[in-house]
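K.L.:
One structure coming up, written as structure tokens, with questions to follow.
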């Protein structure tokens, strides 16, 4: 009798384990699919929106390019603020893409050759080849109004990519793809937050899909915009704050994230 009971108990536990494992794998598969398709949609926007034509993108990217070119963080004491573009990269892109003739003019169009290999090669051919500059470096206008966190991370990302290619076109699109990577992190954290709030996995997946496929989400996450890091940082803060209920001795995690978050956006 005890042997039969042990066998039945073992079979029952094995069945529960198998069902739990299959459900876990299915949930992970659905979550991966949601993140993947949201990323694909963002990447489409990355290459569909013309260079420098996303809202406020030139000024945000100029800040990152200025840090990258200087090789260090900037401050208003040592770096005089300019109200044009601080980086030669930004000045060149604005001129070559006819930014000021197209922006805010609905009837203006980009060049018919835009998007072709020839167009990008021509853009790269005359692009400035910057090395780290010493001495006085002009600071971008956003130095006065935005925290440095996002721009410093983006400058570091551009620096890493520059070790692979010095193509200005590649650096520009790599900067946009950095925001896409942040979205992927934010979506995973969105699901994790929902689960910490005791949402069933199906409802947590639905919430994640709603966030990921909301039109404004995929659009803003496809270009250089510090709000993308703000979303990721605050999602991480929320997730850690919820976990603190079960891990009360890890307040340092939340404290660290809250310290990072103000460096991304007011």
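FYI, it's all coordinate maths here, none of it is from the lab. Everything numeric here is computed off the predicted structure, so don't read it as measured data. All Cβ positions, even for glycine, are placed from backbone atoms using ideal geometry, and neighbour counts span all protein chains on display.
K.L.:
Using 0.36 nm per residue, how much length does the chain from residue 206 to residue 141 gain when fully extended, once their Cα-Cα distance is taken away? Present the calculation step by step, with values, prior to reporting the outcome.
P.N.:
On the way: separation 65, 0.36 × 65 = 23.40 nm, distance 4.05 nm.
That pair, residue 206 and residue 141, stretches by 19.4 nm at full extension.
K.L.:
Sort 233-242, 219-228, 162-171, 81-90 by the packing proxy (mean of other Cβ within 10 Å over each peptide's residues), most packed first.
P.N.:
On the way: 233-242: 20.1, 219-228: 22.4, 162-171: 15.2, 81-90: 18.6.
Per-residue Cβ counts within 10 Å, averaged per peptide and sorted highest first, yield 219-228, 233-242, 81-90, 162-171.
K.L.:
Right, here's the next one. Hey, with R₀ at 22 Å, roughly what FRET efficiency would residue 247 and residue 33 work out to, going by the Cβ-Cβ distance, to 0.05?
P.N.:
On the way: r = 30 Å, r/R0 = 1.36.
E(calc), rounded to 0.05, equals 0.15.
K.L.:
Roughly how many whole Å is it from the C-alpha centroid of the stretch 166-200 to that of the stretch 19-87?
P.N.:
If you average the Cα positions of each part, the centres end up 8 Å apart.
K.L.:
Order of 199, 172, 214 from fewest to most other C-beta atoms within 10 Å? Walk me through the intermediate numbers first.
P.N.:
Working: 199 16, 172 23, 214 12.
With the sparsest Cβ surroundings first, the list reads 214, 199, 172.
K.L.:
Classify the stretch 36-263 as rounded, prolate or oblate, taking a ≥ b ≥ c as the square roots of the eigenvalues of its Cα gyration tensor: rounded when a/c is under 1.5, otherwise prolate if a/b is larger than b/c and oblate if not. Spell out each step's value before the answer.
P.N.:
Working: a/c = 2.41, a/b = 1.46, b/c = 1.65.
It is oblate, given that a/c is not under 1.5 and a/b is not larger than b/c.
K.L.:
Give the calculated FRET efficiency between residue 125 and residue 227 to the nearest 0.05, with a Förster radius of 45 Å applied to their Cβ-Cβ distance. Present the calculation step by step, with values, prior to reporting the outcome.
P.N.:
Working: r = 34 Å, r/R0 = 0.75.
Once the sixth-power term is evaluated, E becomes 0.85.
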